[in-house]
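Heads up, the thing below is written out as structure tokens.
The values are calculated or read from the model by the stated rules, or taken from the named source; none is laboratory data. Computed from a prediction, not measured in an experiment: that's the story for all the values here. Positions of Cβ are generated from backbone atoms using ideal geometry, with glycine treated the same way; all protein chains shown enter the neighbour counts.
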Amino acid sequence: MQVEVSLTVNGAAVTATVEPRTLLVQLLREHLALTGTHVGCDTSQCGACVVHVNGASVKSCTMLAVQADGASVTTIEGLATDGTLHPVQEAFREHHGLQCGFCTPGMVMSAVDLLQNNTSPSEAEIREWLEGNICRCTGYHNIVKAVQHAAAAMRG
Amino acid sequence: MPDAPMTYQIGASVKRREDLRFLTGKGNYTDDINRPGQLYAYLLRSPMAHAEIVSIDTTAAKAMAGVRAVFTGADMAADGVGGLPCGWQIHSKDGSPMVEPPHPALAVGRVRHVGDTVAVVIADTLAQAKDAAEALEVEYKALSAVATTTEATVDGAPLVWEDAKNNICYDWHIGDKAAVDAAFASAAQVATIDLVNNRLIPNAMEPRAALGDFNPATGEHTLITTSQNPHVIRLLMGAFVLKIPEHKLRVLAPDVGGGFGSKIYHYAEEAICTWAAAKLKRPVKWTAERTESFMTDAHGRDHVTHAELAMDAEGRFLALRVSTLANMGAYLSTFAPAVPTYLYATLLAGVYKTPAIYAEVKAVFTNTTPVDAYRGAGRPEATFLLERLVDEAARVSGIDRAEIRRRNFIPADAYPYQTPVALQYDSGDYAGCLDAALKAADYDGFAARKAASEAAGKLRGIGLSTYLEACGIAPSAVVGSLGARAGLFEVGKIRVHPTGSVTVFTGTHSHGQGHETTFAQVVADALGVGIDSVEIVHGDTANVPFGMGTYGSRSLAVGGSAIVKACDKIIAKARKIAAHLLEAAESDIEFKDGLFKVAGTDRQKSLPEISLAAYVPHNYPIDELEPGLEETAFYDPKNFTYPGGTHICEVEVDPETGVTKVVKFTAVDDVGRVINPMIVEGQIHGGVAQGIGQALLEQCVYDDSGQLLTGSMMDYCMPRADDLPSFHVENHTTLCTHNPLGVKGCGEVGAIGSPPAVMNAVVDALKGYGVTHMDMPATPEKVWRAIQAGTRS
Ligand code: FES
Ligand code: FES
């Protein structure tokens with residue numbers, strides 16, 4: 001059985017025909033070729049797949065594509081505007097918040113959501129928020145630093 | 001502006017050039033790549049740790065929608081596909097070679113660990129392949145299994161391989177046993193320890209993947225794979241498994257999402273996808289689910305050790321005696337036999353001038369996933385053993401833990417220093433690292449911090465680790481004499497284009513290390529060109545001449561040296577061209593900052609002017625020189641490199657819950673010359689995080705029947721952001737004396753130095769309860785039980 005889903009992805013209206021069991025992350029990666037969103041686990045633990053659905057961070061491996069019908073989805077590919085990096089992207093670059101880059105899209109999307117909710121998080125709050133995003137490379141030190149600097153930059 | 005002063009790149013925290021693509025979702029990882037007509041492979045994994053495969057009925061599966069093929073081990077054998085080779089041969093004490101069992105890509109007749117691969121289903125979609133795998137009927141006859149290292153050698157234990165008596169793969173030794181025995185006989189005091197180095201699962205965040213393709217028109221096979229060393233995969237898979245000559249086999253390793261050793265090895269799935277693609281004349285792709293990663297990525301560590309340290313009355317080390325059992329798993333992974341021998345026992349001198357050392361190592365087979373190198377590989381095991389034992393020596397002798405280390409350090413003026421276990425250290429300053437670390441960690445202020453913790457109902461401990469490691473692997477002749485079946489040189493090729501921009505080809509591979517930035521810094525300075533004019537190419541056997549890849553912290557020390565050598569060749573040729581263009585003697589040409597100058601004059605040519613002349617050779621010494629400006633260098637290192645340093649950890653333990661938190665971590669490391677401080681710090685952060693993970697959180701667990709109990713990220717505890725503190729990292733540099741950059745390597749030091757620092761801190765925190773040792777990981781349960789069992793003194 002196939003079903004049709006219509007949603008907005010990075011500002012553009014898209015329609016796709018998927019199986020009911022298709023996950024949102026599969027819709028993004030396999031149907032829409034948005035391969036910036038990654039799959040790092042099969043138990044909803046790693047956060048490599050985090051995107052925004054209607055503005056809030058969601059693990060896209062844990063949501064069916066059909067559940068996103070009618071929603072507005074932002075992926076890492078849609079975060080920079082007109083070639084200008086989002087302050088969180090910029091801060092990750094400036095403070096070496098990434099190494100292999102695999103966790104990075106999910107980590108950045110998660111951090112952006114944190115800063116939407118809390119404009120000046122403490123180190124402990126940052127660490128706690130990012131608890132659902134596993135990075136095996138950085139030891140989180142520079143990720144935390146990047147988020148702190150992004151927060152300061154966004155407060156202006 | 002030829003006279004503008006040049007900005008040097010070496011030593012600057014240049015922002016990484018690879019970041020933009022990763023930050024905008026434009027990375028190019030194996031699973032991101034799709035080829036037209038691509039099919040999907042799904043592998044059926046054994047649910048049993050040890051069983052006969054009585055029969056496999058593929059009829060129903062083959063009839064299912066979308067299924068293109070189902071293959072088993074018999075199909076591969078019928079095609080003459082060979083087993084996965086082992087790259088290192090160890091000989092036992094008695095001179096006999098290790099037991100080297102076959103390792104078919106798909107199991108034949110028997111499965112030997114949970115996750116062993118039984119069959120592959122290839123279908124139009126992954127969902128179809130998975131559905132069809134459910135319809136495969138495999139009849140197993142269960143056999144009893146052996147899962148733990150210590151039980152493997154017990155008489156009557158189930159045998160993983162019939163010809164490995166007591167499951168022993170090899171029984172190896174190193175050092176002077178008689179000298180050690182004599183030293184123990186006259187020792188004033190002896191420290192003894194029994195410890196386990198816990199088994200770990202690497203868990204690079206990108207799961208392994210492979211995409212095979214075949215072009216019937218050219219006969220060319222292509223494999224895109226998540227590898228740290230594509231040339232090694234081409235060599236092993238081409239020569240031993242599929243028998244495809246190099247010129248018809250291209251292996252690409254595009255962006256790779258972390259490796260930590262687990263992506264060095266040649267894995268079955270690479271051969272299966274390449275072979276099946278040729279058979280079906282369609283691209284075949286496989287991507288691991290994380291559960292498969294847990295069952296099939298090579299695991300790390302898993303040692304059981306008894307060790308004794310003989311001392312004189314003043315706590316000077318006289319001799320070290322070590323006996324280790326090391327788990328190989330069910331098959332020998334690519335470099336597995338080398339890890340508990342030449343990467344472990346040769347490190348047992350550490351930073352100490354212990355005059356006599358003897359170590360024996362038995363490697364054993366078990367019904368578990370193969371074990372191989374994981375970040376540090378052998379050196380973390382040696383360091384953990386030594387640094388725990390030295391703390392025990394301090395306890396036994398009543399000497400302060402920093403003082404007993406200092407008393408036994410190899411002095412800074414003793415280089416080159418020959419250890420009793422084969423290695424010759426070229427440089428280091430262990431006392432300097434220790435002093436810097438004690439200061440940075442405010443060691444003297446610990447008592448006050450401990451009192452403050454106690455006032456808040458918490459226990460506090462501090463631990464030191466003064467470590468050394470050997471990396472930058474490795475001199476080919478040396479490793480060859482020790483059983484390596486490959487050379488460990490590296491290759492660099494420099495192409496200066498007609499207008500002066502530069503493409504660099506390296507046989508090393510970056511999967512997080514930032515080579516595209518660091519190597520560009522090296523080349524920019526060597527050739528005197530802007531860093532934006534330099535591009536680094538890696539990960540493609542069709543473009544890069546050759547290479548052994550990235551592991552053992554070798555990329556800069558070995559691969560960087562090859563690049564420097566190739567730059568030297570470019571400069572030598574360019575100097576000749578400059579002499580011709582400037583009508584001067586070659587010996588009068590000086591090269592500095594990208595300019596070739598006639599000494600004592602203002603006549604000069606820039607590198608772009610020279611490269612243009614080389615590619616448009618109208619006015620050119622054509623009788624003596626070939627046109628073009630491109631050079632290749634192979635560099636074989638003269639020695640290992642020897643980074644070292646001091647890590648200091650402070651933990652706080654909640655006695656009510658046993659929860660242990662690292663509250664302060666200080667690392668002072670000597671990694672040789674630092675090219676990019678930002679990247680080096682990042683490497684150390686990551687290594688320390690993995691080391692703290694090993695010490696407090698991570699543990700691979702099999703039950704007695706060989707079932708993997710920690711088979712997902714819900715069961716295997718990965719360090720998360722809220723498990724770790726921020727780290728204080730410093731460098732205390734002595735230069736490597738035998739490579740042109742003076743670099744030592746920084747990829748593994750964090751994971752090598754940190755676990756004993758953490759555990760020494762945990763034991764220190766619990767010493768009031770009579771605790772003198774605890775095996776890793778120090779989970780809340782283990783710590784709580786130790787507190788309950790202990791008596792507060
Ligand atoms: S892929 Fe790991 S949480 Fe979604
Ligand atoms: S940068 Fe590699 S997993 Fe985070």
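Could you list, ordered by first residue, the pairs with Cβ atoms under 9 Å in which the first is in the stretch B:78-96 and without any contact (Cβ under 8 Å) to a residue 40 or more places away in the chain and the second is of a type in the set (G, A, S) and buried (at least 17 other Cβ atoms within 10 Å of the Cβ), at least 6 apart or interchain?
none
Quick check on the stretch B:741-759: of everything there that is out of contact with any Ser or Thr (no Cβ under 8 Å at 6 or more places or on another chain) and either away from chain A (no Cβ under 14 Å) or assigned to a loop (DSSP other than H, G, I, E, B) (or both), which residue is surrounded by the fewest Cβ atoms within 10 Å (Cβ to Cβ)?
B:G742
If only one of B:G461, B:G530 is in the same structural domain as B:A778 (by TED's automatic domain parsing) and not hydroxyl-bearing (S, T, Y), which one is it?
B:G461
Hey, among the residues in the stretch B:341-384 that are under 23 Å from B:S293 (Cβ atoms) and more than 17 Å from the chain's Cα centre (by Cα), which one's surrounded by the fewest Cβ atoms within 10 Å (Cβ to Cβ)?
B:F365
Which number in (1) surrounded by fewer than 19 Cβ atoms within 10 Å (Cβ to Cβ); (2) under 23 Å from B:L143 (Cβ atoms) marks the one condition that B:T72 misses?
(1)
Which pairs turn up if I take residues in the stretch A:134-152 that are of a type in the set (D, E) and look for partners that are near ligand 2 (Cβ under 9 Å from one of its atoms) and part of a loop (DSSP other than H, G, I, E, B) with beta carbon separation below 6 Å, at least 6 apart in sequence or on another chain?
Short answer, once both residue conditions are applied: none.
Condition first: more than 15 Å from ligand 1 (Cβ to nearest atom), of a type outside the set (D, E, K, R), away from chain B (no Cβ under 13 Å) and in contact (Cβ under 8 Å) with a residue 40 or more places away in the chain. Now tell me which residues in the stretch A:53-75 satisfy that.
A:G55, A:A56, A:V66, A:G70, A:A71, A:S72 - these are the residues of the stretch A:53-75 that are more than 15 Å from ligand 1 (Cβ to nearest atom), of a type outside the set (D, E, K, R), away from chain B (no Cβ under 13 Å) and in contact (Cβ under 8 Å) with a residue 40 or more places away in the chain.
Regarding B:L434, is this residue in contact (Cβ under 8 Å) with a residue 60 or more places away in the chain, part of a strand (DSSP E or B), surrounded by 20 or more Cβ atoms within 10 Å (Cβ to Cβ) and not hydroxyl-bearing (S, T, Y)?
For B:L434, the condition - in contact (Cβ under 8 Å) with a residue 60 or more places away in the chain, part of a strand (DSSP E or B), surrounded by 20 or more Cβ atoms within 10 Å (Cβ to Cβ) and not hydroxyl-bearing (S, T, Y) - is not met.
Could you tell me whether B:T499 is within 16 Å of ligand 2 (Cβ to nearest atom), outside the structural domain of B:N676 (by TED's automatic domain parsing) and hydroxyl-bearing (S, T, Y)?
No: the conditions fail for B:T499.
Find the residue count for the stretch B:83-116, including only residues that are under 30 Å from B:Q128 (Cβ atoms), part of a loop (DSSP other than H, G, I, E, B) and not β-branched (V, I, T).
Counting residues in the stretch B:83-116 that are under 30 Å from B:Q128 (Cβ atoms), part of a loop (DSSP other than H, G, I, E, B) and not β-branched (V, I, T) gives 12.
Counting only residues that are closer than 23 Å to A:L32 by Cα and facing chain B (nearest Cβ under 9 Å), give me the helices (runs of 4 or more DSSP H) lying completely in the stretch A:76-148 with at least 1 of them.
A:87-94, A:104-117
Could we say that A:S120 is farther than 24 Å from B:G682 by Cα and touching a Cys at 6+ places or on another chain (Cβ under 8 Å) here?
Considered against the rule, which asks whether it is farther than 24 Å from B:G682 by Cα and touching a Cys at 6+ places or on another chain (Cβ under 8 Å), A:S120 comes out as no.
Looking at the structure I just gave you, is B:L320 assigned to a helix (DSSP H, G or I) and touching a Leu at 6+ places or on another chain (Cβ under 8 Å)?
Numbers: assigned to a helix (DSSP H, G or I): no; touching a Leu at 6+ places or on another chain (Cβ under 8 Å): yes.
In short, no.
Would you confirm whether any residue within the stretch B:201-212 is within 14 Å of chain A (Cβ to nearest Cβ), aliphatic (A, V, I, L, M), more than 16 Å from ligand 2 (Cβ to nearest atom) and surrounded by 15 or more Cβ atoms within 10 Å (Cβ to Cβ)?
yes
Restricting to the stretch B:250-263, and then to whatever is more than 14 Å from chain A (Cβ to nearest Cβ) and surrounded by fewer than 24 Cβ atoms within 10 Å (Cβ to Cβ), can you tell me which residue is nearest to ligand 1 (Cβ to nearest atom)?
B:L252
Show the residue pairs meeting these rules: Cβ distance below 6 Å; 6+ apart or different chains; first residue within the stretch B:704-723 and more than 7 Å from chain A (Cβ to nearest Cβ) and at pLDDT 95 or above; second residue surrounded by fewer than 20 Cβ atoms within 10 Å (Cβ to Cβ) and assigned to a loop (DSSP other than H, G, I, E, B).
Once the first residue is more than 7 Å from chain A (Cβ to nearest Cβ) and at pLDDT 95 or above and sits in the stretch B:704-723, its partners that are surrounded by fewer than 20 Cβ atoms within 10 Å (Cβ to Cβ) and assigned to a loop (DSSP other than H, G, I, E, B) give B:L709/B:V701; B:L709/B:D703; B:T710/B:V701; B:Y716/B:T710.
Quick one: which residue in B:E289, B:E246, B:E269 is within 12 Å of another protein chain (Cβ to nearest Cβ) and either away from ligand 1 (no atom under 16 Å from the Cβ) or not aliphatic (A, V, I, L, M) (or both)? Let's see the steps before the verdict.
Numbers: B:E246 fails: within 12 Å of another protein chain (Cβ to nearest Cβ); B:E269 fails: within 12 Å of another protein chain (Cβ to nearest Cβ).
One residue alone meets the criteria, B:E289.
Could you grab me the full set of residues in the stretch B:610-623 that are free of Cβ contacts under 8 Å to residues at least 40 places away in the same chain and out of contact with any strand residue (DSSP E or B) (no Cβ under 9 Å at 6 or more places or on another chain)?
Hits for the stretch B:610-623 are B:P617, B:H618, B:N619, B:I622, B:D623.
For the stretch A:14-26, how many residues are more than 10 Å from every other protein chain (Cβ to nearest Cβ) and either farther than 24 Å from B:S712 by Cβ or within 16 Å of ligand 2 (Cβ to nearest atom) (or both)?
Summing the residues that are more than 10 Å from every other protein chain (Cβ to nearest Cβ) and either farther than 24 Å from B:S712 by Cβ or within 16 Å of ligand 2 (Cβ to nearest atom) (or both) in the stretch A:14-26 gives 6.
Confirm whether B:E308 is under 25 Å from B:P337 (Cβ atoms), more than 16 Å from ligand 1 (Cβ to nearest atom) and either in a loop (DSSP other than H, G, I, E, B) or touching a residue at least 40 places away in the same chain (Cβ under 8 Å) (or both).
Criteria not met by B:E308.
Could you list all residues from the stretch A:27-44 that are in contact with an Asp or Glu (Cβ under 6 Å, 6 or more places away or on another chain) and either within 16 Å of ligand 2 (Cβ to nearest atom) or under 15 Å from A:M109 (Cα atoms) (or both)?
Selection gives A:L34, A:T35, A:G36.
When the residues of the stretch A:35-52 are filtered to those that are facing chain B (nearest Cβ under 7 Å) and surrounded by fewer than 24 Cβ atoms within 10 Å (Cβ to Cβ), which remaining residue is nearest to the chain's Cα centre (by Cα)?
Selected residue: A:T35.
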